[in-house]
Each structure stands twice: as structure tokens, then as C-alpha cells.
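Asks: Quick one: the structure is below, questions incoming.
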Amino acid sequence: MEEGTDKIKILILGGGFAGISALQQMEKTFGNNVQTTLVSEDNFFLFTPMLPEMASGTIHPSDISIPIRKFCKRSKFVQAKISSIDLKSRLVAITRTFDGRVKVLGYDYLIIALGGTTNFFGNKRIEGNSFTMKTIQDAIAIKNHVIHMLEIADGEEDQKAQEKLLTTVVVGAGFAGVETIGEINDFVRESVRHYYHNIRPENIKTVLVSGSAGILPELDPKLSQKALESLQKAGVRIITKTKAVDAGEDYVFLGTGETIPCATMIWTAGLTTDSVIATLDCEHKSGKILVDEFLRIPGNPNVFSFGDCAAIKDKKTGGFYPPTAQHALRESKIVAHNIRCIITKKGVQKPFNFESKGMMAIVGKRNGIATISGHNFSGTIAWLIWKTYYLTMLPTFEKKFKVAIDWTVNLFFKRDITLVRKIKKKSMGKMDVDDINSIDQLLFKAEQAPEQ
């Protein structure tokens, strides 16, 4: 038990949509007799649907990142990296990133919501020569890099070299890839028109590479085709039925044998789970934690998992639920209800059962596609639906207000092309707190300690 208290301990791992939703549900469901603790490597929640807009300078990073402590009314927050999970001993080892100090946390109930990481499928050359679109650092890095390429290209007299500097290749034609290429295409073309007068517009090349026959395979084929045509009309080249198989500092090599000279490559072609999830002592499906219909890990009735890191069976389709924000929000409610049933010994646990209300994407400036309750929309109306929906989904009124202002300003003024240079960061190799720093030592020490 925790020092000086006999409160029930609920430990949440992860600060994404799933983790924050779980935290909010725990705060609503339980009073002061439960101690909820959330652990995340970042001290903020990132509203990822708007990440591509950050990369194009449409919105500011602080507008879609909310400090996790703002959600903690009665809960605790610990900023650290999850090192290992011991289901048998009910212990989680965490590592403080500043100095590498290791600590062990115990729990009565565990919620694993660690999300996913970018999957390069073992291709180290692509991993080493591409940007990704998963974090706030990714979006800032892409924006800075694109602006830097524009600055260099403006002073480049060799037209082939200028074209290479202005070529962006995005690999992966799901929602992240489509929205990223749409935003960058608009950003580069608008910036050249307004600021970079020594750049020839015909030297701007934006390329989207899809492994399937089209783009946005999650959507109705007719809607996906409209998105494809909209991007092509805006100047994006779309290559289908092929994959990127190699990459260097200034090129991407495709499975068709084509080499695309480019200075910018962005990889959005796959997700995988964190190594902590992959090595967890439980059953997995495609690397994810396989959970039952109540979102529990079989054999561990006090451990729940959902979000990107969990494989949740959809009985209607026979497949698995997609890792979207709307699913994570509903899953968190089921988990909160089921934990309450166990703790209070009242009520019946509920299985997770949810049908998606719709999906949508932005495919360029004032242009989008959406499918809502079986109805398809495209163009400006779909763009407005996307904007309205995600604005209402943003946590806190402050962030809603800031994003609304950013969007309004962007309608009337040019985008910012300020280039932010390197920022110095400090860390420590070790702090002399105690002589126990290995995970194994701490787990052993925690297991041997008598119950408080």
C-alpha cells in the first residue's frame, strides 16, 4: 500500500487519447478513496489529428498540447519512461529520463494505454533518412526542414538541384499521410508565391506513395477517389501499388525501380507497439496486447488495455477495432465502468461494442472528405465538418479558442516562415541518490518488501 494510506491504487500508463480519457473517467467515477496515477514520458497530451497543420504552420504547437496536470484534479502525474511491467508482482518499473534513475510503482488495477510507435519494418536506411509524423517534435522538425529547403532553393541557380530541394515524398496513404502531403503541398506553393521569388513553381514536386490501389483505404472507394483527384488537382503526384524499399539522404527508391531525387521524405506507412508491450507476458496479436471483450488481459482480471497498443476483437466484422480517438474515448468509459463494478462489487461488467460514427480527412486548403452515418461529403462542406468536429473535441476552452483564432487568422494572412534553429538541451548521466539503479534490482527489492 501507499505510504500512510489504504487507498486503492489505479495506475495508468500512457498520456495519449486512451490514457487521458482513462484518467478523466477515473476522476469522474471514483472519489477520494481511490488514488489514480498516470505515467507518461511527455508532460502534455497532444491532440494528434491536428499535427499535420502544425507542420505547415497553420496552428501553433502550444495550441494543441495540453499539460497533463491540467487533467489531474485528484490524480497524480509522473513524467517518466515505462521500462518494464511485471504482471505477476503487480509492479511497473519507470525510468526518469533526466538522469536515468529507476523507480518501481505498485498497483491494484493497471490500465495500459501506451499507444504505438512508427514501424519501419526493419528498414534501417529508411528509418535513418526520413521524418515521421507522430509527435510534436516531428511536426516542428518537418516545418523547420521544409522552410530551410525553401531558403536554400531560393538561392540555388541550378534548376535540377532546386527541384531536388523542393521535392517532398510522403510514404503511406492513410489519414496521416494524406493530410500531411496536403498541408505541405499548400504550404510550399503558397510560400513560394508570396516570398520566394527566385523559385520556379514548376520545380515544386510533392509525391504521395501508396502500397494499395488507391488512398485512404478505410473510406468508401468513391470518397477515396475524390480525395485522390483533389490532391492531383492541387499538384500532388500519387503513386499507387508500390512501396518505398530504400532511401538515402537525397533520394527515395521505389519497388517499381524508380528513384525519386528529394530532400524531404516523410514516413507514415505503419505503426508498431513499444518494446515494453511486445515483451509483456501475455498473448499478442500482430504485436498488440490481445484483450477480451471487457478489455481485460486474459488471466489478469485487474489489468486492462485499450487504444493503439491493444487488439480488440470486433464481433460484427470478425476483425479488430481501429485505433482511432473516437474508439479510445468509448473504450475508456467501458474500462471505468468495469473497474467500478469490481471495486464496489455492484453491477455487471460491460463488453466493448461500438460502431464508428464516421471518418474524415482534410485533403488541402478548404477541401476535405467525410463519411458521417453512411452519408458522404466532400469539398468545402467536408472541410467545415472536419474543422467543427475536431474543434469541439479539443480539451479545454482555452485551446478551442486559440485554435479558432489560428484558423481565422490563417484565412486572411500568410503563413509564418520563421525558421527556428537548434535548441540546447541538458541532461544528466546520474544523480547520486542511492546505489540501486537497475530495474532488476528494484523489482527484486519491491517483491521482497513486506506489505504496508
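The values are calculated or read from the model by the stated rules, or taken from the named source; none is laboratory data. Predicted, not measured: the structure shown is a model, and the values here were computed from it. With ideal geometry, Cβ positions are generated from the backbone for all residues, glycine too; neighbour counts draw on all protein chains shown. Only protein heavy atoms, including side chains, enter the accessible area calculation; ligands, DNA and RNA are left aside. Shrake-Rupley method; radii C 1.70, N 1.55, O 1.52, S 1.80 Å.
Asks: Tally time: how many residues in region 385-396 are of a type in the set (A, V, I, L, M, F, W, C) and open to solvent by 40 Å² or more (accessible area, probe 1.4 Å)?
Replies: Step one: of region 385-396, the residues of a type in the set (A, V, I, L, M, F, W, C) are 385-386, 391, 393-394.
Then keep just the ones that are open to solvent by 40 Å² or more (accessible area, probe 1.4 Å); that gives 385, 391, 393.
Qualifying residue count, region 385-396: 3.
Asks: Follow-up question, since we're still on this one. Among strands (runs of 3 or more DSSP E) lying entirely in region 187-274, which contain 1 or more residues that are among the polar types (S, T, N, Q), open to solvent by less than 30 Å² (accessible area, probe 1.4 Å) and touching a helix residue (DSSP H, G or I) at 6+ places or on another chain (Cβ under 8 Å)?
Replies: Details: elements: 205-209, 236-239, 244-248, 251-254, 259-261, 264-267.
Per the criteria, 205-209, 264-267.
Asks: Output the residues belonging to region 145-168 that are without any contact (Cβ under 8 Å) to a residue 60 or more places away in the chain, within 17 Å of TYR251 (Cα to Cα) and surrounded by 15 or more Cβ atoms within 10 Å (Cβ to Cβ).
Replies: Across region 145-168, the qualifying residues are ALA153, ALA161, GLN162.
Asks: For region 91-101, check the following and say yes or no: at least one residue is open to solvent by 40 Å² or more (accessible area, probe 1.4 Å), more than 18 Å from the chain's Cα centre (by Cα) and aromatic (Phe, Trp, Tyr). Before you say what the answer is, go through the steps one by one.
Replies: Within region 91-101, the subset open to solvent by 40 Å² or more (accessible area, probe 1.4 Å) is 96-98, 101.
When the remaining residues are screened for being more than 18 Å from the chain's Cα centre (by Cα), the result is 96-98, 101.
Of the ones still in play, those that are also aromatic (Phe, Trp, Tyr) are 98.
Scanning region 91-101, I find at least one residue that is open to solvent by 40 Å² or more (accessible area, probe 1.4 Å), more than 18 Å from the chain's Cα centre (by Cα) and aromatic (Phe, Trp, Tyr), so the answer is yes.
Asks: Might you check whether a residue that is among the aliphatic types (A, V, I, L, M) and in contact with a strand residue (DSSP E or B) (Cβ under 6 Å, 6 or more places away or on another chain) occurs anywhere in region 182-202?
Replies: Narrowing region 182-202 to residues among the aliphatic types (A, V, I, L, M): 184, 188, 192, 199.
Restricting the remaining residues to those that are in contact with a strand residue (DSSP E or B) (Cβ under 6 Å, 6 or more places away or on another chain) gives 184.
For region 182-202, residues among the aliphatic types (A, V, I, L, M) and in contact with a strand residue (DSSP E or B) (Cβ under 6 Å, 6 or more places away or on another chain): present.
Asks: What number of residues within region 103-144 satisfy the criterion of being within 29 Å of ASP63 (Cβ to Cβ), touching a residue at least 12 places away in the same chain (Cβ under 8 Å) and not β-branched (Val, Ile, Thr)?
Replies: Qualifying residue count for the region: 13.
Asks: While we're here: Taking interchain pairs and intrachain pairs at least six residues apart, which have beta carbon atoms under 6 angstrom, with the first residue in region 335-349 and free of Cβ contacts under 8 Å to residues at least 24 places away in the same chain and the second open to solvent by less than 30 Å² (accessible area, probe 1.4 Å)?
Replies: Correct list of pairs: GLY347/CYS341.
Asks: Can you work out which of the residues in region 35-57 that are among the β-branched types (Val, Ile, Thr) and either in a strand (DSSP E or B) or crowded, with 22+ Cβ neighbours inside 10 Å (or both) is nearest to the chain's Cα centre (by Cα)? Lay out the reasoning, then the answer.
Replies: First, pick out the residues of region 35-57 that are among the β-branched types (Val, Ile, Thr): 36-37, 39, 48.
Next, from what is left, pick out any that are either in a strand (DSSP E or B) or crowded, with 22+ Cβ neighbours inside 10 Å (or both): 36-37, 39.
Numbers: THR36: 23, THR37: 22, VAL39: 17 Å.
Per the stated criteria, the residue is VAL39.
Asks: Turning to a different aspect of this structure: Within region 1-12, can you find the residues that are assigned to a strand (DSSP E or B), hydrophobic (A, V, I, L, M, F, W, C) and surrounded by fewer than 24 Cβ atoms within 10 Å (Cβ to Cβ)? Spell out the reasoning first.
Replies: Just the residues of region 1-12 that are assigned to a strand (DSSP E or B), to begin with: 8-12.
With hydrophobic (A, V, I, L, M, F, W, C) added as a condition, the list becomes 8, 10-12.
ILE8 - this is the single residue of region 1-12 that is assigned to a strand (DSSP E or B), hydrophobic (A, V, I, L, M, F, W, C) and surrounded by fewer than 24 Cβ atoms within 10 Å (Cβ to Cβ).
Asks: For region 13-29, enumerate the residues that are touching a residue at least 60 places away in the same chain (Cβ under 8 Å) and open to solvent by less than 20 Å² (accessible area, probe 1.4 Å). Steps first, answer last, please.
Replies: Going through region 13-29, the residues touching a residue at least 60 places away in the same chain (Cβ under 8 Å) turn out to be 13-14, 16-22, 24-26, 28-29.
Passing the criteria: LEU13, GLY14, ALA18, GLY19, ILE20, SER21, ALA22, MET26.
Asks: Looking at (1) in contact with a strand residue (DSSP E or B) (Cβ under 9 Å, 6 or more places away or on another chain); (2) of a type in the set (D, E, K, R); (3) part of a loop (DSSP other than H, G, I, E, B), find the lone condition where GLU331 falls short.
Replies: (3)
Asks: Please specify each residue of region 67-90 satisfying the condition of being surrounded by 17 or more Cβ atoms within 10 Å (Cβ to Cβ) and polar (S, T, N, Q).
Replies: Scanning region 67-90 gives SER75, GLN79, SER83, SER84.
Asks: Here is a check on your reading of the model: is GLY307 under 30 Å from LYS205 (Cα atoms) and in contact (Cβ under 8 Å) with a residue 12 or more places away in the chain? First the steps, then the outcome.
Replies: Numbers: under 30 Å from LYS205 (Cα atoms): no; in contact (Cβ under 8 Å) with a residue 12 or more places away in the chain: yes.
Answer is no for this residue.
Asks: To continue, here is another question. Taking region 353-369 only, how many residues are free of Cβ contacts under 8 Å to residues at least 24 places away in the same chain and either open to solvent by less than 70 Å² (accessible area, probe 1.4 Å) or within 30 Å of VAL335 (Cα to Cα) (or both)? It would help to see each step written out before you state the result.
Replies: As a first pass, look at region 353-369 and keep what is free of Cβ contacts under 8 Å to residues at least 24 places away in the same chain: 358, 366, 368.
Now restrict to residues that are either open to solvent by less than 70 Å² (accessible area, probe 1.4 Å) or within 30 Å of VAL335 (Cα to Cα) (or both): 358, 368.
Residues meeting the conditions: 2.
The rows are residues; the columns are (1) buried (at least 17 other Cβ atoms within 10 Å of the Cβ); (2) among the acidic types (Asp, Glu); (3) closer than 26 Å to ILE142 by Cα.
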position: ASN376; (1), (2), (3): no, no, no
position: THR380; (1), (2), (3): no, no, no
position: TRP383; (1), (2), (3): yes, no, yes
position: LYS400; (1), (2), (3): no, no, yes
position: THR408; (1), (2), (3): no, no, yes
position: PHE413; (1), (2), (3): no, no, yes
position: LEU419; (1), (2), (3): no, no, yes
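Asks: Another question about this same structure. Report yes if some residue within region 50-63 is of a type in the set (A, V, I, L, M, F, W, C), within 21 Å of ILE289 (Cβ to Cβ), in contact with a helix residue (DSSP H, G or I) (Cβ under 9 Å, 6 or more places away or on another chain) and in contact (Cβ under 8 Å) with a residue 40 or more places away in the chain; otherwise report no. It would help to see each step written out before you state the result.
Replies: Here is the first cut: in region 50-63, the ones of a type in the set (A, V, I, L, M, F, W, C) are 50-51, 54-55, 59.
Checking which are within 21 Å of ILE289 (Cβ to Cβ) leaves us with none.
Checked against the condition, which is being of a type in the set (A, V, I, L, M, F, W, C), within 21 Å of ILE289 (Cβ to Cβ), in contact with a helix residue (DSSP H, G or I) (Cβ under 9 Å, 6 or more places away or on another chain) and in contact (Cβ under 8 Å) with a residue 40 or more places away in the chain, region 50-63 yields no hits at all.
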